[in-house]
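Working notes, structure below.
The values are calculated or read from the model by the stated rules, or taken from the named source; none is laboratory data. Computed from a predicted model, the values in this text were never measured in an experiment. Counting neighbours? That spans all protein chains shown, and the Cβs are built from the backbone with ideal geometry, glycine included.
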Amino acid sequence: MGVSLSEIKARVLDSADMTSSGFIVDARLTDYINEAISKLYDEIVTTYEDYFTTKTTITVTAGTSRYSLPDNFYKSRGVFVIDGTNRYRLMRFNLRDYDQQPYYSELRHFRYKIMNNYLYLSPDDGVPSGSLELWYTPKMNKVVNDDDVIDFVISNNGWEQYIVLDAAIKCLRREESDPTMHMAEQADVLNRILTSLQSRDSEPGQIADVYNYDANFYDVLL
């Protein structure tokens, strides 16, 4: 199980030596913690892009080129056409090439682009029906209630300490106290987290042929 908001609050106040002071109101403490979670989440996503990767299916309707992204969408990791047992990776288009016609009329020869809260297919006419598989990084889940759990620090060797220290630093700064020691410890914790992330998958990467449009071509995400 993960670490609850109430547990993090108690640890933040203890770290900042404010357990019984009442100086930091509860709502502000929750904001500090969510800001810290967001910072750690982005650090993890930047260092190891696929730590939180998930996928969803988008049903493509013939003649429709715009599709809403999932409500929790943050960043795209790849878009694929699912054709029976085959998976074909879609290429992204540049705006200057928006109306460029594909070589063939099959959905796998179209291109896509993420703009605002939508996925667009190019060209916007002649889109055939089919299924897309969107692999993406979801948004961070905020904690609001005391029993809400910071789920991405589950069984991760004390990663929540980064969140505790970051929120404690904000508390100390608001009190106009010196957070130098906390900042040094936070830097050490972050370095340990990022180092462990870099070796999470030790299999070497491979070069993918992203320009091959042969009928038998398909690409994989990882």
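So here's what we get for this one:
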| item | result |
| --- | --- |
| Subset of the range 59-81 [buried (at least 16 other Cβ atoms within 10 Å of the Cβ) and closer than 15 Å to residue 121 by Cα] | 60, 65, 67, 69, 76, 78, 79, 80, 81 |
| Within the range 19-90, strands (runs of 3 or more DSSP E) holding 3 or more residues that are within 23 Å of residue 152 (Cα to Cα) | 54-60, 73-83 |
| Extreme residue, modelled with the lowest pLDDT, among residues of the range 141-180 that are on the phi > 0 side of the Ramachandran plot and small (Gly, Ala, Ser) | 155 |
| Enumeration of residues in the range 42-81 that are over 14 Å from residue 113 (Cβ atoms) and over 23 Å from the mean Cα position of the chain (by Cα) | 60, 61, 62, 63, 64 |
| Meets criteria (touching a residue at least 12 places away in the same chain (Cβ under 8 Å), closer than 25 Å to residue 190 by Cβ and assigned by TED's automatic domain parsing to the domain that holds residue 162) for residue 7 | no |
| Any chance residue 23 is under 23 Å from the mean Cα position of the chain (by Cα) and among the aromatic types (Phe, Trp, Tyr) | no |
| Members of the range 104-134 found to be charged (D, E, K, R) and either crowded, with 16+ Cβ neighbours inside 10 Å or out of contact with any strand residue (DSSP E or B) (no Cβ under 9 Å at 6 or more places or on another chain) (or both), listed by number | 108, 111, 113, 125, 133 |
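Conditions tested, residue by residue: (1) assigned to a strand (DSSP E or B); (2) outside the structural domain of residue 65 (by TED's automatic domain parsing); (3) buried (at least 16 other Cβ atoms within 10 Å of the Cβ); (4) aliphatic (A, V, I, L, M).
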| position | (1), (2), (3), (4) |
| --- | --- |
| 147 | no, yes, no, no |
| 157 | no, yes, no, no |
| 165 | no, yes, yes, yes |
| 170 | no, yes, yes, no |
| 181 | no, yes, no, yes |
